[in-house]
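Novice: Can you read through this structure? Questions will come right after.
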Amino acid sequence: MSLDDLAKSYIRNNLYMTIATCDGFYPWAASVVYVVDQHFSFFFMSSLDATHSRHILINPRCALTIINTHSPGGVQIEGKASLAPEKEYKKICSQFYERKYSGA
């Protein structure tokens, strides 16, 4: 298995990630439940009043870490975050629901 395949498997088989954000002055890290689509775009649900959400509206640069205490290794990713398009909300919520009740 290639490192790319291993990372994708790790991402698909974990539930929680930590997202690190910064408004330009104050860093913040928050653990969130996530889902990914077929292009490995990450989605998480959070209040717009949450510190990390407010940071993203000011500064979209962020970092993600995904670890599993039951297996070695982890994944670190950096990128940009934004609000999902409103037309995608229903599909994203459906993914969260399926993941929650499938036990994945």
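Novice: If you take the beta carbon distance between Ile58 and Met1 as r and set R0 to 41 Å, what does 1/(1 + (r/R0)^6) give as a FRET efficiency, to the nearest 0.05? Please report the intermediate quantities before stating the final value.
Specialist: Details: r = 39 Å, r/R0 = 0.96.
Efficiency at R0 = 41 Å is approximately 0.55.
Novice: To the nearest 0.05, how large is the calculated FRET efficiency for Asp23 and Leu83 if R₀ is 25 Å and r is the Cβ-Cβ distance?
Specialist: Numbers: r = 16 Å, r/R0 = 0.65.
The formula returns an efficiency of 0.95 here.
Novice: What value, in deg cm²/dmol to 500, does the helix sum -39500 (n - 2.57) over DSSP H runs of n ≥ 4 give at 222 nm once divided by the residues of the chain? Could the numbers behind the result be given before it?
Specialist: Values: 3 runs with 32 residues, N = 104.
Computed mean residue ellipticity for the chain: -9000 deg cm²/dmol.
Novice: How large is the dipole of the stretch 1-97 about the Cα centre if only Lys and Arg carry +1 and Asp and Glu carry -1, each at its Cβ, rounded to the nearest 20 debye? Numbers along the way, then the final one.
Specialist: On the way: 8 positive and 8 negative charges, 27 e Å.
Roughly 140 debye for the stretch 1-97.
Novice: Give me the distance in nm between label points sitting 7 Å out from Cα along the Cα-to-Cβ direction at Gln76 and Ala50, one decimal.
Specialist: The answer from the label model is 2.2 nm.
Novice: With Cα extents along the principal axes in Å as the read-out, I listed (i) 43, 29, 28; (ii) 39, 25, 23; (iii) 40, 30, 22; which label goes with the value calculated from this structure?
Specialist: (iii)
Novice: Still on this structure: Quick check: pseudo-label points 7 Å beyond the Cα along Cα→Cβ at Ile67 and Leu15, how many nm apart are they?
Specialist: 1.9
Novice: Please enumerate, by chain and number, the aspartates and glutamates with C-alpha under 15 Å from the C-alpha of Lys80, excluding those fewer than 8 residues away in the same chain.
Specialist: Within the straight-line limit of under 15 Å, Lys80 reaches these aspartates and glutamates: Asp23.
Every number in this text was worked out from the coordinates using simple rules, so none of it is lab data. Bear in mind the structure is a predicted one, so any value in this text is a computation, not a measurement. Methodologically, a virtual Cβ is constructed for each residue, glycine included, from the backbone with ideal geometry; neighbour enumeration extends over all protein chains shown.
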